[in-house]
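*Asks:* Below is the structure I would like to discuss, written out as C-alpha cells.
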Amino acid sequence: MVSVATGQCGQNAVWSYAPNPCAPTCEFQHSYCSPSTMPRPQPGCQCRPGYIFANSDRKVCVKHNQCPKICIKPYFFWNDCGSKCPRTCQQKFPRPCQLICEPGCFCQEGFLLDTVNMECVPEENCPEY
C-alpha cells in the first residue's frame, strides 16, 4: 500500500516527488500519453528498474513476466498478442506500426480506447476533445 503522508511504497517500488504519470502497467504496457493528454506528475510511487505496475492503481510492482492476465475495467479483455498500435478514440485511423505482439488489456470489438480516461467506449460515443 502507498501512504502519501509518509511517502512509503510497496515492495519493488520507490517514492518519487515526480514519478512518470505515463509509466506502463500490466494492463497498459504501451504508453498512450501524448503532450495533450499527459497528466501532471503527482508525488507517488514508481517501480524499481526491471519492474512494472501490476495494475492502474499503481501500488504493487511486479516483474514483467509476472503480470496477472486479467482486466478489471469494463469492456476490456486480455490479449497475449495484441497490437502495439490499436485504434483509439484519439487515433481512429491505423498508422504504420511494427507487427510485434503487445500483451495487455484491449477493448472488445466495437469499442475504442479513450486514452484520456483510459476506458473503452462504443466507437460512436468517442468523446471529442
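The values are calculated or read from the model by the stated rules, or taken from the named source; none is laboratory data. What you see is a predicted model; the values in this text were computed from it and never measured. Glycine also receives a Cβ, built like all others from the backbone with ideal geometry; neighbour counts cover every protein chain displayed.
*Asks:* Could you list, in sequence order, the residues of segment 73-129 that are surrounded by fewer than 16 Cβ atoms within 10 Å (Cβ to Cβ), within 15 Å of Q29 (Cβ to Cβ) and polar (S, T, N, Q)?
*Replies:* Once the filter is applied, which keeps residues that are surrounded by fewer than 16 Cβ atoms within 10 Å (Cβ to Cβ), within 15 Å of Q29 (Cβ to Cβ) and polar (S, T, N, Q), segment 73-129 yields only Q98.
*Asks:* On the given criteria, is R40 over 14 Å from the mean Cα position of the chain (by Cα), farther than 11 Å from T25 by Cα, among the charged types (D, E, K, R) and modelled with pLDDT of 90 or more?
*Replies:* no
*Asks:* Pairs please, first residue from segment 106-129 and aromatic (F, W, Y), second anywhere and surrounded by 11 or more Cβ atoms within 10 Å (Cβ to Cβ) and part of a loop (DSSP other than H, G, I, E, B), Cβ atoms under 9 Å, 6+ apart in sequence or on different chains.
*Replies:* F106/C71; F106/S83; F106/P86; F111/Y75; Y129/T37; Y129/C89; Y129/Q90; Y129/V116
*Asks:* Separate question: State yes or no: is C97 at pLDDT below 85 and not assigned by TED's automatic domain parsing to the domain that holds E27?
*Replies:* For C97, the condition - at pLDDT below 85 and not assigned by TED's automatic domain parsing to the domain that holds E27 - is met.
*Asks:* Which number in (1) within 23 Å of P127 (Cβ to Cβ); (2) outside the structural domain of L112 (by TED's automatic domain parsing) marks the one condition that Y51 misses?
*Replies:* The single condition Y51 does not satisfy is (1).
*Asks:* G50 is checked against (1) surrounded by fewer than 18 Cβ atoms within 10 Å (Cβ to Cβ); (2) small (G, A, S); (3) at pLDDT below 90 and fails just one. What number does that condition carry?
*Replies:* That leaves (3) as the condition not met.
*Asks:* Quick check: anything in segment 115-124 modelled with pLDDT of 90 or more, assigned to a strand (DSSP E or B), closer than 20 Å to A23 by Cα and assigned by TED's automatic domain parsing to the domain that holds P24?
*Replies:* No: zero hits.
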